[in-house]
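Every read-out reported here was derived from the displayed coordinates using simple, explicitly stated rules and does not represent laboratory data. Model, not experiment: these values are computed from the prediction. Virtual Cβ from ideal backbone geometry, glycine too; neighbours counted across all protein chains shown.
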Amino acid sequence: MEKKLALGNEAIARGLYQAGCTFVSSYPGTPSTEITEEVARYPEVYAEWAPNEKCAAEAAYGAAVYGCRSFAAMKHVGLNVAADLLFSASYAGVNAGFVMCVADDQGMHSSQNEQDSRHYARASKVPMLEPSDSQECCDYVKLAFEISEEYDTPVLLRTSTRVAHSQSFIRLEQRTEPPMRDYVKNPAKYIMTPANAQKRHPIVEARTERLIELANTDRLNRIIPGSRKIGVITAGIAYQYAREALGDNATYLKLAMVHPLPTTLLRTFAASVDTLYVIEELDDFIEQQVRALGIECHGKDTFSLIGEYTPERIRAKILGIPSAQVYDAPAVPVRPPVLCPGCPHRGLFYVLGKMKLTVSGDIGCYTLGSAPPLGAMDTTLDMGASIGMLHGRNTVRPDEAAHAVAVIGDSTFIHSGITGLINAVYNRSASTVIIADNSITGMTGHQQNPTTGVTLKGDVTAAVDLTALCHAVGVKRVRVCDPYDIAELEQILREELAAPEVSVIIARRHCALLKTVKRGKPYTIDASACKGCRMCMRIGCPAVSFADGHAAIDASLCVGCDLCARMCKFGAVKKGGAV
């Protein structure tokens, strides 16, 4: 059988194809984004970007109820948005298989928190599978659909950054085409009024007992033999770390299903080893349940609740073998992420910082406006929070409303900013909202969104008109400007901040990295005219540096945006550098 080296996310996409999935809806979010991008390559699978994770989950669930295997992917914080659907769908059950993938981000490589999504499985009373490599990513998708249909339940598939973005071989199997299931009208099953939901709850609890019986079989969870002196209960990427660290010095109970847990198998396994460890990243989710069974074990008394593990750390903690000698390396400067050369957000945040405004920020690449030297952001919590938090601030501090703004990207505004804007208008807030419109979902890798007029599959579609939308929800003052024109932007800001009502400023310019954006001729520095004032350094452009008493521009990075030229009062920045 043909094999291929594949990322975990690519393997999930292949698993969806092979399992006969028909409908996929997602919102991009690292580390889950590539699943939907990859599955969109298969013409047999309908795939779309939804405005947010709740919309995606609801669309996919609708497809499942009406007869087709369906799937929705999201990162861990996205499951917070989709949770409303998940909890009720658990009671209602499914028709065709319905799987939701949630990608956790241990170590917070690209996230604002480190939540453990396994708690959602337990709270919503649905099964959760957790693969440890690419082949399991592929296999567990099919298994998840089978469990979903056999047990009448949504199924959660949990991955992690390391599994999603690591490569291993997968088998390329043929696609199966399960027939579309008939839909039979059944209000008692699918209409979750209290009277109906009360009758469904006992069904959910009985389903959990049946799933525990399944978990106790070797169809899912398996014992990998080794020395009986050490026993390890683990799952997902933590299994890979433990296996590499301990090898045959331990026996492993490798869990495929992390909820519900196999109670009989846990007791049998624990009794067969001398010392038992539960190795799991983040919370003591498995450990607590093992201890609740009366089983003594080591877990978070040995390992941390925070961040990622490594084989070296596990080896040191359990076997007492110190990590390999690490030689001192020369100190290197810290290299934090920065806005790209030519980023349209740079001018915006320069002006906000210059005006010393309080900035309620949001989730996107523009969050980097918080970093020095721009440093023009005060808060960033979750998708869409910027507008709501500004409204709250201005309500309790009305005398300071003229000194604060909210900044939100175009994709994030569609995701969850619209309702915050409606709330501000409805409750007569005096708030100024800036939509940083770079015409793409930039942070996760240039995915289309409802404002771009192009679908995930590349088809032309209707584009949301942000100006018309803002007017439609009651905003009377809507201004559009170019964030490169910092003088105009500052003037508009002063005018709108003075208005005693909600106003929206759309700072519109395409992301500098889009293939459709033409790169301008690079700028250069006339050293004889440069006074060494460092004004050009205040915008934090990676193409601009300072040495030997004057500025310099790296022509290989400069995109010719002219922002630094606008900053220079001495005419030292000139167009005409050579790449």
Q. What full-extension length gain, to one decimal in nm, is calculated for Ala529 and Asp378 as 0.36 nm per residue of separation minus the Cα-Cα distance?
A. 50.7 nm
Q. R0 = 25 Å: FRET efficiency of Thr516 with Ala462, Cβ-based, nearest 0.05?
A. 0.85
Q | Positive minus negative residues near Ala250 (Lys, Arg vs Asp, Glu; Cβ under 13 Å) | A | +3
Q | Charge dipole of the chain about the Cα centre (unit charges at C-beta), most positive-ward option of Ile35, Ala385, Val141 | A | Ala385
**Q.** Kirkwood Rh, angstrom, segment 503-579 [1 / mean 1/r, Cα pairs]
**A.** 13.2 Å
Q | Inter-part distance where segment 113-144 and segment 372-426 are each reduced to a Cα centre, Å | A | 34 Å
Q: Provide, for segment 1-159, the number of lysine pairs with alpha carbons under 27 Å apart, each pair being eight or more places apart or on different chains.
A: 9
Q: Identify the GluC sites (Glu not before Pro) of segment 1-36 meeting these criteria: DSSP loop state and at most 15 other C-beta atoms within 10 Å of the C-beta.
A: Glu2
Q: Using +1 at the Cβ of each Lys and Arg and -1 at the Cβ of each Asp and Glu in the chain, identify which of Phe546, Thr263, Ser160 lies farthest towards the dipole's positive end.
A: Phe546
Q | Highest average packing first - 390-399, 416-425, Cβ atoms within 10 Å | A | 416-425, 390-399
Q: For Lys518, go through the aspartates and glutamates and keep the ones whose alpha-carbon is under 16 Å away, minus same-chain ones fewer than eight residues off.
A: Asp562
Q) Stretch Lys575-Ala552 to full length: gain in nm at 0.36 nm per residue minus the Cα-Cα span? A) 7.0 nm
**Q.** segment 222-319: Cα Rg divided by the 2.2 N^0.38 Å rule of thumb
**A.** 0.95
Q: Once every Cα of segment 3-215 carries one equal point scatterer and solvent is ignored, give the base-10 log of I(q)/I(0) from the Debye formula at q = 0.09, 0.17 Å⁻¹, two decimals.
A: -0.31, -1.13
Q. Most exposed first by the Cβ proxy, i.e. fewest other Cβ within 10 Å, how do Arg313, Arg335, Arg346 rank?
A. Arg335, Arg313, Arg346
(Q) Could you tell me the calculated FRET efficiency between Ala123 and Ile224, based on Cβ-Cβ distance and R0 = 45 angstrom, to the nearest 0.05? (A) 0.90
Q.
I'd like the chymotrypsin sites (Phe, Trp or Tyr not before Pro) in segment 278-370 restricted to DSSP loop residues with at most 12 other Cβ atoms within 10 Å, sorted by number.
A. Tyr327
Q. Which of the lysines could a cross-linker bridge to Lys356, judged by Cα under 28 Å and excluding same-chain residues fewer than eight apart?
A. Lys476, Lys531, Lys569
Q. In nanometres, what is the gap between the two model label sites at Arg538 and Asn196, each 7 Å from Cα along Cα-to-Cβ?
A. 6.1 nm
Q) What is the calculated FRET efficiency for Glu244 to Ala371, with r their C-beta to C-beta distance and R₀ = 45 Å, to the nearest 0.05? A) 0.80
Q.
Suppose each label sits 7 Å from its Cα in the direction of the beta carbon; what would the Ala472-Asn186 distance come out to in nanometres?
A. 3.6 nm
Q: May I ask which residue of Leu5, Gly445, Thr302 lies farthest towards the positive end of the charge dipole of the chain, with charges of +1 (Lys, Arg) and -1 (Asp, Glu) on Cβ and the Cα centre as origin?
A: Gly445
**Q.** Where a label projected 7 Å from the Cα of Glu173 along Cα→Cβ would reach, residues of segment 1-31 with amide N under 12 Å
**A.** 15-20
Q) Could the peptides 38-49, 120-131 be put in order, highest first, of the mean number of other beta-carbon atoms found within 10 Å of their residues? A) 120-131, 38-49
Q) For segment 242-309 and segment 163-223, what is the separation of their C-alpha centers, rounded to whole Å? A) 25 Å
(Q) Using 10 Å bins from zero, what percent of all Cα-Cα pairs in the chain falls into each bin? (A) 3, 16, 22, 22, 19, 12, 5, 1, 0
**Q.** q = 0.20 Å⁻¹, segment 134-251: log10 I(q)/I(0) [Debye, one scatterer per Cα]
**A.** -1.27
